Amino acid sequence: MAPTLGFFPVVTLVVLSGFPAAVSSRRDVLELGDADFDYLATEHETMLVKFYAPWCGHCKKLAPEFEKAASRLKGSVQLAKVDCTTNSETCSRFGVSGYPTLRIFRYGKDSAPYDGPRTAEGIYETMRRQTGPDSMHLKTKDDLKAFVNNHDASIVGVFSGTDSPRLAEFLKAATLLREQFRFAHSTNLQLAEEHGANSECVLLFRPPRLANAFEDSIVIFRDYLTIGSLRRFIRDHIYGLCPHMTIENRDRLRVRDLLTAYYDLDYHHNIPGSNYWRNRVMKVASKYVGRGLTFSIANKKDFLLELEEDFGMGTSDGGELPFITIRTRLGHKYTMREEFTRDGASLQRFLEDYFAGRLKRYIKSEPIPEKNSGAVKVVVAESFDQVVNDPDKNVLIQFFSPLCPHCKKLEPVYGELAETLRSDPKIVIAKMNALANDVPLGYDVQGFPTIYFAPVGRKDEPVRYQGTRELKDFLRFLKREASHHLVLSGFKDEL
């Protein structure tokens, strides 16, 4: 009998010309490039793409968060990245001008910029909302009950029928705002009746975990419905008297003057305990409604680094008692140094001092240098007004990071500029460590180095320097912007 032949599978590896091997990586974040972007992007219903540069500090900070989010979103939303230093054609096509840039794509088409948080949890929650319908269709009271029983707030539109023009407008708003909020709609008017409405309306349900005796849990919108009017209604009512501030929503809350009580809270495992201090804050906060200050609570563990760096608080300060801070929309910061009392009296005294203008602002600053005789003057937050806002001086100020390679590369040129202008009594060349000092209002510092010119007579309108970092170009800029004729030392070339 002839021996039986064993058949073994033959594996053939086919390499498609022009597609980098990184595409077949088993990692959760796809690596895309000029050659394969369109080909691979069209395969995914929803995809979040990060356009980055390997040298970018903000990109490096985002990378682990992006990877974690990709792992959690696997199977529902694809995350991808494009290295713009080697794939300039793709990055140029989508108008990438800074790093990192995040954009949402649907079946390969550029859908919208990603404006959500840049933490793993924030990316996950934001992109999770990008799946499924913009607004959930609810048919029964049980559907409504299940939808609003959620960790987050819910916006539910109730309409007379599928042909209602208000429903059409509501759905447009849901499409635009789905990244930030949860939407649902119904054509069963009975769903609104038990909440005090007998006609078309929008019901805003605040999170059940935040229910309290100081405000209603449901707010009804009955005005003329447009995208703009609904957006304003949500903005004005969704957070209530004292919302739970998180890493994900802090930027939206901080557009107003905000008091925050930081303590150990956990709304997933201990709702009553989390609301214990919140109720005491709300009791006091309810007396100051309409005074221009909003209130919030936050988990101290989520903001330890911020509390330490921005407010000078030690991580063990206060024990179980809340930390109280105020941060205004202008960037002014205040801390309550008196111990929080359970009757709220200390918080009320703090607020009375705040509204009376008796509190001293907290400023993060390095010590003022004892010696500052170099050509480049060292500025700290405590000396910023004295040096940069000197009404008689034109000041060029560089905001730098000690860790930034571009700042180190600039040092000799910046130093030469300062030496060239050293004999000019009306101009100052200065620098400030933006990581160790608070950056004043009016100066937008997102990367390093960032350079501004504060001219005489226009200290409240600093001019950002966006030229090349060469001596001649700095001098041309200063000649154009300064309020006087420059006095140069040993500079021969024509400007």
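A few comments on the model shown:
- Tail weight of P(r) past 21 Å, computed on alpha-carbon pairs of the stretch 377-481, percent: 27
- Euclidean distance between Cα centres, the stretch 237-252 to the stretch 38-76, Å: 26
- Note on the chain: helix-only mean residue ellipticity at 222 nm, from DSSP H runs of 4+ residues weighted -39500 (n - 2.57) and normalised by residue number, equals -8500 deg cm²/dmol.
- Positive-end extreme of charge dipole, the chain - chosen from Asn149, Ala298, Ala482 (charges on Cβ): Ala482
- You can think of it this way: the chain between Arg422 and Leu486 has 22.0 nm of extra reach, that is 0.36 nm per residue less the Cα-Cα gap.
- Rounded to the nearest 20 debye, the dipole magnitude of the stretch 135-257 is 320 debye, with +1 charges on Lys and Arg beta carbons, -1 on Asp and Glu beta carbons, and the Cα centre as origin.
- Its relative contact order, with pairs defined as Cα atoms under 8 Å and 6+ residues apart, puts the chain at 8 percent.
- Dipole magnitude of the stretch 29-129 about its Cα centre (Cβ charges: Lys, Arg +1; Asp, Glu -1), debye to nearest 20: 380
- Whichever lysines have a C-alpha closer than 24 Å to that of Lys371, once near sequence neighbours (fewer than 8 apart) are set aside: Lys393, Lys408, Lys426, Lys431
- Å² per residue, accessible surface of the stretch 249-356 at 1.4 Å: 48
- Once the C-beta distance of Lys409 and Arg106 is scaled by a Förster radius of 35 Å, the resulting FRET efficiency is 0.30 to the nearest 0.05.
- Nitroxide proxy distance, nm - points 7 Å out along Cα→Cβ at Thr42 and Leu304: 5.0
- Cα→Cβ-extended label distance, 7 Å offset, between Arg232 and Gln190, nm: 3.6
- Rg in Å to one decimal, and Dmax rounded to a whole Å, for the chain via C-alpha atoms: 28.2, 107
- Taking the 1.4 Å solvent-accessible surface of the chain as the whole, the part contributed by carbon and sulfur is 51%.
- Close Lys pairs in the stretch 50-183 (alpha-carbon distance under 21 Å; sequence gap of 8 or more, or different chains): 14.
- The convex hull defined by the C-alpha atoms of the stretch 133-238 has an orientation-averaged projected area of 6.2 nm².
- Kirkwood-based shape ratio for the stretch 233-353, expressed as Rg/Rh from alpha carbons: 0.92
- Charge dipole of the stretch 237-310 (Cα centre as origin; +1 on each Lys and Arg Cβ, -1 on each Asp and Glu Cβ, all else neutral): 540 debye, rounded to the nearest 20.
- Lone cysteines, the chain (no partner Cβ under 4.7 Å): Cys201, Cys242
- Averaging Cα coordinates gives a centre for the stretch 159-223 and one for the stretch 403-454; these two points are 51 Å apart.
- In Hz, Karplus ³J(HN,Hα) per residue of the stretch 84-95 (6.51, -1.76, 1.60; θ = phi - 60°; x = Gly, Pro): 6, 6, 10, 9, 5, 5, 5, 5, 5, 4, 9, x
The values are calculated or read from the model by the stated rules, or taken from the named source; none is laboratory data. Here the structure is a predicted model, which is why all the values come from computation and not from measurement. Note that each Cβ is placed from the backbone with ideal geometry, even for glycine, and that neighbours are counted across all protein chains shown. All accessible areas refer to the heavy atoms of the entire protein, side chains included, with ligands and DNA or RNA removed. Shrake-Rupley method; radii C 1.70, N 1.55, O 1.52, S 1.80 Å.
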